[in-house]
Amino acid sequence: MTPLTRGLVIAAAHVALVAVVGGVLLYERNTLPSAWVLTTGVDPVLPIRGRYVELRLVVEPRGELPAEGLPEHGQIVEASLSVEEGRLLATVLPPSEAVYSPGWRGQTVQRVETPGGTRWALLDPVAFFLPEHAPDPTRLEPGQELWAEVTVPRAGPPRPIRLEVR
């Protein structure tokens, strides 16, 4: 096999891998539930950041929250995510059903302070990659909010599709 042939085989394998990943993401975008979610920007403390922003997604608690044992600001709980009527909802799980149960598919949520008051947000921020010359969308004017449209897979964190300033 000549070096040119080997190079073309490797290039074809890379194109096939990218096509498969792109196809899976397009399929999920069209089949998984999606919702618009209020976000708060997170400034990562990394020496090499690239062209992306990290967003913490604000979720709405589903149903009644227990009066006893409700965590104070900053504490975390395990929750199951779902989408209903275009809203991202978090159902707080009892400790017996949380992280250590088989088939765990939820997320860790935390109470955080936002300009709109105390809310629930995903503990782990999600990354949204920006075009090279796009301005940083997390730098907002007073009174503006950053929203993200996300798809919610069965397992793993929500995936941001696009951003909107409201």
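Which of the numbered conditions does residue 154 fail, given that it passes all the others? Conditions: (1) within 22 Å of residue 30 (Cα to Cα); (2) at pLDDT 85 or above; (3) charged (D, E, K, R); (4) open to solvent by 40 Å² or more (accessible area, probe 1.4 Å).
(2)
Filter segment 120-136 down to residues that are surrounded by fewer than 18 Cβ atoms within 10 Å (Cβ to Cβ) and not acidic (Asp, Glu) and give me whichever is farthest from residue 38 (Cα to Cα).
Just the residues of segment 120-136 that are surrounded by fewer than 18 Cβ atoms within 10 Å (Cβ to Cβ), to begin with: 123-124, 127, 129-136.
After this cut, where a residue has to be not acidic (Asp, Glu) as well, the list is 123, 127, 129-131, 133-135.
Numbers: 123: 14, 127: 15, 129: 17, 130: 18, 131: 21, 133: 24, 134: 20, 135: 19 Å.
Among them, the one singled out is 133.
Here is a list of conditions, (1) open to solvent by less than 70 Å² (accessible area, probe 1.4 Å); (2) more than 30 Å from residue 143 (Cα to Cα), and residue 39 meets all of them except one; can you say which number that is?
All conditions pass for residue 39, except number (2).
Can you give me the number of residues within segment 116-166 that are more than 16 Å from residue 86 (Cβ to Cβ), touching a residue at least 40 places away in the same chain (Cβ under 8 Å) and among the polar types (S, T, N, Q)?
Number of matching residues: 2.
For segment 18-37, check the following and say yes or no: at least one residue is modelled with pLDDT under 85 and closer than 27 Å to residue 132 by Cβ.
First, the residues of segment 18-37 that are modelled with pLDDT under 85: none.
For segment 18-37, residues modelled with pLDDT under 85 and closer than 27 Å to residue 132 by Cβ: absent.
Please list, ordered by first then second residue, the pairs with beta carbon atoms under 9 Å, 6 or more apart or interchain, first in segment 1-24 and of a type outside the set (Asp, Glu), second open to solvent by 100 Å² or more (accessible area, probe 1.4 Å).
Hits for this filter: 9/1.
The values are calculated or read from the model by the stated rules, or taken from the named source; none is laboratory data. Just so it is clear, the model here is predicted, and its values are computed rather than measured. With ideal geometry, Cβ positions are generated from the backbone for all residues, glycine too; neighbour counts draw on all protein chains shown. Accessible surface is based on the protein model in full, side chains and every heavy atom, while ligands, DNA and RNA are left aside. Shrake-Rupley method; radii C 1.70, N 1.55, O 1.52, S 1.80 Å.
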